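Down below is the structure, laid out as structure tokens.
Bear in mind that the values in this text are calculations on the coordinates, not laboratory data. Predicted, not measured: the structure shown is a model, and the values here were computed from it. FYI the Cβ positions are ideal-geometry reconstructions off the backbone, even for glycines, and counts take in every protein chain you see.
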Amino acid sequence: SAPLEPFAVTIDFATGALVPDPDVLDRRLADLDGYFVADIDDPGVGAYTVHEVRVPPTGNNLLSSTTVLAPGKVGDEYFFTKGHFHAIRDRAEIYLTLSGEGLLVMALEDGRTVTKEMRPGIANYVPGHWAHRSVNTGTTPLVFYAVYIGDAGYDYATIAERGFPVIVVEGEEGPEVRPNPRY
Ligand code: PAN
Ligand code: ZN
């Protein structure tokens, strides 16, 4: 296909806003119904916003976006993104954290799980085949920039049905990663 024109976007590291910012997706707790162990009190509360850089979603391009994940909990569980496998399973991704703190939970289809710290300056590599979810364990928005192969796509269904093998809860001494009682 014909070359695209080179371009740049400006990223506000504190808010995740882009300039220009044509494609913004808002997720409320209502969109996470059934994802937490406890019931959601207020489905209208905002959970996260995704700001996408607009390029054709093809295998020769790199898609990128910022995610701004609010602090908060449902029961003992910290707010998280839905999480997904890529529709094309082997497509990899990089998450660069810009502000806040959290955990990146990754799981293979067989249930093997790896959890990595997210904080400003850390670039997490998510290899293909690993489902991924970010969790805000802090008190400020968790903001990260994601770059992924353009045709990766999303498979949300597997996670929506089974969840992740682990949950991240507030324990006596801070965040704790525990087995998911419903997995
Ligand atoms: C990210 C995620 C974003 C929102 O851009 O899509 O953080 O999480 P969910 O898509 O799980 O709701 C990414 O991993 N893209 O592939
Ligand atoms: Zn992804």
Of the criteria (1) over 16 Å from Pro175 (Cα atoms); (2) in contact (Cβ under 8 Å) with a residue 12 or more places away in the chain, which one Leu103 fails: (1)
The stretch 34-64: number of residues that are near ligand 1 (Cβ under 9 Å from one of its atoms), under 14 Å from the mean Cα position of the chain (by Cα) and farther than 23 Å from Phe164 by Cα: 2
Pull out all pairs, ordered by first then second residue, where Cβ-Cβ is under 8 Å, the residues are six or more apart or on different chains, the first lies in the stretch 166-178 and is surrounded by 14 or more Cβ atoms within 10 Å (Cβ to Cβ), and the second is among the polar types (S, T, N, Q) and in a strand (DSSP E or B). Val166/Thr113; Val166/Thr115; Val168/Thr115; Val177/Thr115
Per the list (1) within 16 Å of ligand 1 (Cβ to nearest atom); (2) in contact with a Lys or Arg (Cβ under 7 Å, 6 or more places away or on another chain); (3) part of a loop (DSSP other than H, G, I, E, B), residue check on Tyr183 breaks on (1)
Of all residues in the stretch 84-117 being under 20 Å from Ile149 (Cα atoms) and touching a Leu at 6+ places or on another chain (Cβ under 8 Å), which is nearest to ligand 1 (Cβ to nearest atom)? Tyr95
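What about Gly138, is it free of Cβ contacts under 8 Å to residues at least 40 places away in the same chain, away from ligand 1 (no atom under 11 Å from the Cβ) and not β-branched (Val, Ile, Thr)? Reasoning before the result, please.
Working: free of Cβ contacts under 8 Å to residues at least 40 places away in the same chain: no; away from ligand 1 (no atom under 11 Å from the Cβ): yes; not β-branched (Val, Ile, Thr): yes.
Criteria not met by Gly138.
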Are any residues in the stretch 25-50 closer than 27 Å to Ile88 by Cα and touching a Gly at 6+ places or on another chain (Cβ under 6 Å), and if so, which ones? Arg28
Across the stretch 142-158, what is the total count of residues that are in contact (Cβ under 8 Å) with a residue 60 or more places away in the chain and more than 8 Å from ligand 1 (Cβ to nearest atom)? 10
Based on what the data block shows, is Glu170 acidic (Asp, Glu) and more than 10 Å from ligand 1 (Cβ to nearest atom)? yes
Given (1) within 13 Å of ligand 2 (Cβ to nearest atom); (2) at positive phi, index of the condition Phe144 fails: (2)
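Hey, among Tyr78, Tyr48, which residue is in contact with a Ser or Thr (Cβ under 9 Å, 6 or more places away or on another chain), away from ligand 2 (no atom under 16 Å from the Cβ) and of a type outside the set (Gly, Ala, Ser)? Show your work before the answer.
Working: Tyr48 fails: away from ligand 2 (no atom under 16 Å from the Cβ).
Going through Tyr78, Tyr48 in turn, the sole match is Tyr78.
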